1. Using only alpha carbon pairs under 8 Å that are at least six residues apart, calculate the relative contact order of the range 222-263 and give it in whole percent.
2. Counting other C-beta atoms within 10 Å, which of Lys79, Lys366, Lys55 has the fewest, and how do the rest follow?
3. Apply the Karplus curve 6.51 cos²θ - 1.76 cosθ + 1.60, θ = phi - 60°, to the phi angles in the range 341-354 and return the couplings in whole Hz, x for Gly and Pro.
4. State which entries of Lys79/Lys366; Lys269/Lys366; Lys269/Lys326 exceed 22 angstrom in Cα-Cα distance in the structure shown.
5. Give me Met213, Met1, Met194 sorted ascending by neighbouring Cβ count inside 10 Å, so fewest comes first.
6. Give me P(r) over the range 3-61, computed from all C-alpha to C-alpha distances, binned every 10 Å, as integer percentages.
7. Placing unit charges on C-beta atoms (Lys and Arg positive, Asp and Glu negative, everything else neutral), compute the dipole magnitude of the range 3-61 about its Cα centre in debye, rounded to 20.
8. When Leu297, Leu48, Leu212 are ordered from fewest to most other Cβ atoms inside 10 Å of their Cβ, what list results?
Amino acid sequence: MTANLLGFDLDGLAAFCERLGEKRFRAVQLLRWMHQRGESRFEQMSDLARSLREKLPGLCEVRALPVLAQQESADGTIKWLFDVGDGNAIETVFIPEYGDAGPPQGAVHPPRGATAAGGQGGAVLGRGTLCISSQAGCAVGCRFCSTGAQGFSRNLSTAEIVAQLWFAEHFLRRHLGHQARGLSERVISNVVLMGMGEPLQNYAALLPALRLMLDDHGYGLSRRRVTVSTSGVVPMIERLAADCPVALAVSLHAPTDALRDELVPLNRKYPIAELLDACLAYLPRAPRDFITFEYCLLDGVNDQDLHAEQLIALLRGHRGAGVPSKVNLIPFNPFPASGLRCSSRARVQAFAQRLNAAGIVTTVRKTRGDDIDAACGQLAGEVLDRTGAAQRLERLGRQTSPVPGDQAQPIVWQPRSEKNITPPRPLRSLPPEGAVAVASGGGRAPLP
Ligand code: SF4
């Protein structure tokens with residue numbers, strides 16, 4: 001298979017060009033054409049030497065991921081299901097930002113031409129956050145995560161990680177009318193590695209992807225606007241600090257090792273104290289002066305006042321001085337095999353209040369895209385489970401009920417992605433032509 005140029009950061013592309021006998025500045029030109037202009041056809045890259053334009057096809061290509069499905073939420077969130085081969089699919093979610101009025105009633109995204117300046121009703125600001133996947137499935141197997149319940153299939157390549165951003169950015173630019181109006185500003189202002197997979201367990205592929213996101217010739221995002229979310233792969237947090245210290249979010253979810261061992265099995269290998277030590281070591285290199293801790297609230301499991309007090313003691317007292325922290329409380333999105341329930345709104349508020357009162361900045365994440373299963377922990381495209389996690393979780397669900405007093409219901413495992421999947425189509429509010437940028441050699445795979 002020919003090389004996919006989406007898999008190179010600047011240094012990698014420069015090395016590729018050198019192997020072709022070309023100078024480094026050609027790599028800069030190629031990067032700009034691909035990532036800033038969304039161009040995949042070498043013959044259109046007009047400032048490349050003709051000889052190079054003729055040489056490249058056959059040696060390499062800009063290969064997009066085939067889109068299996070696209071879903072739009074009433075709140076404007078868009079989810080894409082991409083085919084990564086061998087029966088595996090991954091999911092990518094765009095979460096638009098709106099002005100103070102919020103999304104328009106019954107919004108479809110994006111209202112054509114709506115911008116912050118010229119907004120229609122609750123205006124789309126013409127930017128947003130992209131949540132991307134790093135693996136097909138996940139081996140960590142967090143108890144509350146439907147991706148983890150599917151098990152792990154394989155790591156994504158750098159090209160597959162970048163292709164999600166490349167597709168989303170240029171697809172959205174086209175449909176927001178940026179290109180037609182001669183605008184070059186980005187639509188995607190933040191990237192979070194919070195989709196399917198544990199990014200730090202795919203470090204070799206992740207690192208060039210991060211570098212490309214930060215590169216001024218690529219996406220030019222600031223380090224504060226690229227976030228790696230990890231369940232706590234301690235040695236790789238240290239590597240990330242040295243190699244490419246972007247914003248860090250840690251999936252904590254429990255204040256004690258005993259509870260975290262159950263919810264985030266990786267804790268048995270890297271317990272909380274080691275994880276917080278790694279966070280402290282990360283901070284001097286981090287783009288922000290705090291670490292974000294994600295905490296998914298589970299009814300009766302980790303959401304009691306006692307847990308809030310333990311969390312405060314942990315974050316404020318670790319190694320005497322504590323860890324500068326921001327806590328992001330995430331409402332749980334139930335899925336059948338988990339045997340778990342989400343906390344009540346009152347409990348979430350009480351938990352947040354306790355943390356805030358103790359001086360820990362705490363936010364409650366708004367649920368977005370829940371009508372298309374795009375919310376946190378719900379990214380569950382089809383993957384081939386090579387670990388048996390789904391079966392283990394099903395057994396666990398049958399045997400145990402982690403909710404005190406809960407009568408466990410019989411559990412039938414059904415991958416979430418079987419529902420709501422629709423064939424690829426253009427955004428509802430836009431004309432069908434040119435809806436999907438398909439690179440040479442890429443294209444849509446037939447629906448399974
Ligand atoms: S929460 Fe993240 S690390 Fe845990 S199983 Fe899900 S995808 Fe993997």
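Any read-out appearing in this document is the output of simple, stated calculations on the displayed coordinates, not a laboratory observation. Computed from a predicted model, the values in this text were never measured in an experiment. When we count neighbours, we look across all protein chains shown, and the Cβ atoms used for this are built from the backbone with ideal geometry, even at glycine.
1. That works out to 44 percent.
2. Lys366, Lys55, Lys79
3. Per-residue couplings from phi come out as 10, 7, 6, 5, 4, 4, 5, 4, 5, 4, 5, 4, 4, 4 Hz.
4. Beyond 22 Å: Lys269/Lys366; Lys269/Lys326.
5. Least to most surrounded, the residues fall as Met1, Met194, Met213.
6. That works out to 24, 67, 9, in percent per bin.
7. The calculation lands at about 160 debye.
8. Neighbour counts put them in this order, fewest first: Leu48, Leu297, Leu212.
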